[in-house]
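The values are calculated or read from the model by the stated rules, or taken from the named source; none is laboratory data. For clarity, every value in this text was computed on a predicted model and none was experimentally measured. Methodologically, a virtual Cβ is constructed for each residue, glycine included, from the backbone with ideal geometry; neighbour enumeration extends over all protein chains shown. In case anyone asks, the SASA skips ligands and DNA or RNA and just uses the protein heavy atoms, side chains included. Shrake-Rupley method; radii C 1.70, N 1.55, O 1.52, S 1.80 Å.
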Amino acid sequence: MDNWILKNTAMLVNDPVKEQPVAADEVKVKVTYVLASNYDAVLYSGDGGAKYPKTIGRFAVGRVTEAGAGCYGVERNMRVLLQPTRSCGNCLECKTGKEEYCSSPAIAGRDFDGFLRDFVVCKYTDVAPLPDSVGDTEALCTEAVALAEKVYDRLELPAGSRVAVIGGNFAGNIMAQVLQYHKLIPIVIDNSPVALDKARGCGIYYSFAADDDLHENIKEATSGMLCDAAIYTTCSRLDPALTIRVLSEGKQAVLAGFAPISFNIPARELCEKNASVFCAMNGYGYTDTAINLLVHKAVDISVFEKETLTEFDPNAIYKTLGDVSTVRSGKMTIFKLII
Ligand SMILES: [Zn+2]
């Protein structure tokens, strides 16, 4: 039995939960797959602001084994995505019945227990049924697609706009693919040849190294105009100043990702470009849209290497979390939970 609880910074223990009763509006889900993420790694390192103790694991899928009498649209045996975010219940929006616009959603692993465990009992509204055409591995990418969709929605750019995506790792690659699906023109910037290859591999036309030629390359790709928006993926570890440098005047810079990593943005360049900045740190409210995009094959995840771990001890989990936070090549490491 598995239930991997982070008791404190870098203190992970397997402490199986006792059988939980299932209320009328709740479901019991057998967790099947959990994607190791840099978010979990940040929580593990103590930087993520987790309210210990919390079970880790933000991105997971499973199968419903029990559904209360008051659950609608969710039945026993259904494959589901476990929602990685929930409304906070405390903000103005939540208190005035507009939970869908919650301004600070609670996040799995930090604010409520995550999913690296055998069973989850939760409200039926905290799971999203998965269509047959969306495989488990694809479903684990839902939050990354939802984050990209949220950014696309907020940018409100017309088709053909040039958007720089700084960081071509997992989240950045998916971001670029979603923008491309919406007929924007992504320009992926990364120092890793592997990440640039992966971008090309899924049909991204412009992908450049963050080197001395970058400025000229961007000018060429934008007919000298520079970019209509620039998205910095927070786990990319690339120079955040690139975000402003590739941007045309009066445009939007975006900080997007799952892990809140500390870095500095050059304020003077930001002011000189008259740029505005917004942040997107989760895909709250966009899960259904994201699943729909996956149904329509808007995102090709075949470019990512996959590794599945079926047996793991604290050391294996520690090593995996270390790998996902340092390797930027876009590999998916998945924990498979078997009874
Ligand atoms: Zn709220």
Next item on the list: Using only Cα positions of region 143-280, each an equal point scatterer, no hydration layer, compute I(q)/I(0) via Debye at q = 0.21 Å⁻¹ and quote the log10 values to two decimals.
Entry: -1.34
Check: Between Ser45 and Lys183, what is the spin-label point distance in nm, taking each point 7 Å from the Cα along the Cα→C-beta axis?
Finding: 4.1
Check: Label Ile265 and Asp288 with points 7 Å out from Cα along Cα→Cβ: what is the distance between them in nm?
Finding: 3.1
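Computed from the mean reciprocal separation of all distinct C-alpha pairs, what Kirkwood hydrodynamic radius does the chain have, in Å?
On the way: mean 1/r = 0.0488 Å⁻¹.
Taking the inverse mean of 1/r over all distinct Cα pairs, the chain comes out at 20.5 Å.
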Check: Which of the pairs Lys198/Lys319; Lys28/Lys183; Lys54/Lys183; Lys30/Lys306 have their Cα atoms more than 31 Å apart in this structure?
Finding: Lys28/Lys183; Lys54/Lys183
Margin query: For the chain, what does the accessible surface come to per residue with a 1.4 Å probe? Please give it in Å².
Written below: 44
Next item on the list: Pull out a ≥ b ≥ c, the square roots of the eigenvalues of the alpha-carbon gyration tensor of region 195-249, then state rounded if a/c is under 1.5, prolate if not and a/b is larger than b/c, and oblate in the remaining case.
Entry: oblate
Notebook entry, point to check: Can you give the Rg and Dmax of region 68-179 based on its C-alpha atoms, in angstrom?
Noted result: 16.4, 50
Next item on the list: Working with all protein chains in place, sort Met175, Met225, Met281 by solvent-accessible area computed with a 1.4 Å probe, largest first.
Entry: Met225, Met281, Met175
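Mind putting a number on the dipole of region 1-147 about its Cα centre? Charges go on the C-beta only, +1 for Lys and Arg and -1 for Asp and Glu, and I need it in Debye to the nearest 20. Display every interim value, and only then the final one.
Details: 16 positive and 20 negative charges, 57 e Å.
Its charge dipole is roughly 280 debye.
Pull out the extension gain between Asp211 and Lys306, defined as 0.36 nm times the separation in residues minus the alpha carbon to alpha carbon distance; nm, one decimal. Before the final figure, lay out each step's value.
Values: separation 95, 0.36 × 95 = 34.20 nm, distance 2.91 nm.
Extra length available between Asp211 and Lys306 comes to 31.3 nm.
With a Förster radius of 45 Å, plug the Cβ-Cβ distance of Arg76 and Ser276 into 1/(1 + (r/R0)^6) and report the FRET value to the nearest 0.05. Could you put the intermediate results ahead of the total?
Numbers: r = 48 Å, r/R0 = 1.07.
After rounding, the FRET efficiency stands at 0.40.
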Next item on the list: Could you name the lysines whose alpha carbon sits less than 23 Å from that of Lys98, not counting residues in the same chain fewer than 8 places away?
Entry: Lys123, Lys150
Margin query: How far apart, in nanometres, would the label points at Ser103 and Thr9 be if each is projected 7 angstrom from Cα along the Cα-to-Cβ direction?
Written below: 3.0
Next item on the list: May I ask you to list the GluC sites (Glu not before Pro) in region 139-170 that are in a DSSP loop and have at most 16 other Cβ atoms within 10 Å of their Cβ?
Entry: Glu156
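May I ask you to derive the relative contact order of the chain, considering only C-alpha pairs under 8 Å and at least 6 residues apart, and to give it as an integer percent? Please list the in-between numbers first.
Working: 759 pairs, mean separation 65.0, N = 339.
Rounded, it is 19 percent for the chain.
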